[in-house]
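To keep things clear, I will list the structure first and then write my remarks on it.
The values are calculated or read from the model by the stated rules, or taken from the named source; none is laboratory data. Everything numeric in this text was worked out from a predicted model, so none of it was measured. For neighbour counting, all protein chains shown are included, and Cβ atoms are generated from backbone atoms with ideal geometry for every residue, glycine included. Just the protein is used for accessible areas: all its heavy atoms, side chains included, with ligands, DNA and RNA removed. Shrake-Rupley method; radii C 1.70, N 1.55, O 1.52, S 1.80 Å.
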Amino acid sequence: MFKRFLMVFLTLIIAVGAVLLAAKHPTGPNTVSYDEPAGLWISIGMIIVLFLPPLILSLFSKHVVRIISAVYQTFVVISFLGMIPIGFLSPHHVGASVIAILGAFVSIASVIVTLKVDSNKK
C-alpha cells in the first residue's frame, strides 16, 4: 500500500513541477504564467483534484481496485508522453520535456507497482 501511494504521490509532485516549470516561460496570453497567480493556482488545484482518485485507490488492496487505478494512471502516462514533443518544439521548454520524460518513467513505474504489488502479504 505504501509503495503504491508513494509512487502516485511522486507522480503528483512531478506533474505540479511541470506546471510550475511551464509557467516560467508562457507561450501566449492564454497559458499559465506567474503573472496571473489565480490561473496558476487553479491549474495546480485541478491537477491535485485529478490525482485524488488514484491516491485514494492506492490505499485499497483489492485486485479490481488496483486495475481501475492502473487504468486511470495510464491516462496520466499518456499526458506525460504527449507533453514530451511539445517541450522539444519550443526553445524555452526543453526543461519541461525533461520533466515530462521523468514523469512518464515514474508514471509507468507506478502502473507496474500498482499491478504487481502482492495484495495477499501476511
**OP:** Quickly run through the range 1-52 and pick out the residues that are part of a loop (DSSP other than H, G, I, E, B), among the β-branched types (V, I, T) and either touching an Asp or Glu at 6+ places or on another chain (Cβ under 8 Å) or open to solvent by less than 80 Å² (accessible area, probe 1.4 Å) (or both).
**Re:** T31, V32
Original post:
If you go through the range 79-93 one residue at a time, how many are in a helix (DSSP H, G or I) and surrounded by 12 or more Cβ atoms within 10 Å (Cβ to Cβ)?
Top reply: 8
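Within the bounds of the range 97-112, is there any residue that is more than 13 Å from V8 (Cα to Cα) and either among the polar types (S, T, N, Q) or open to solvent by less than 30 Å² (accessible area, probe 1.4 Å) (or both)?
Taking every residue of the range 97-112 in turn, at least one turns out to be more than 13 Å from V8 (Cα to Cα) and either among the polar types (S, T, N, Q) or open to solvent by less than 30 Å² (accessible area, probe 1.4 Å) (or both).
Restricting attention to the range 100-108, does a residue exist that is closer than 24 Å to H25 by Cβ and free of Cβ contacts under 8 Å to residues at least 24 places away in the same chain?
Just the residues of the range 100-108 that are closer than 24 Å to H25 by Cβ, to begin with: 100-107.
Next, from what is left, pick out any that are free of Cβ contacts under 8 Å to residues at least 24 places away in the same chain: 101, 105.
Yes, because at least one residue in the range 100-108 is closer than 24 Å to H25 by Cβ and free of Cβ contacts under 8 Å to residues at least 24 places away in the same chain.
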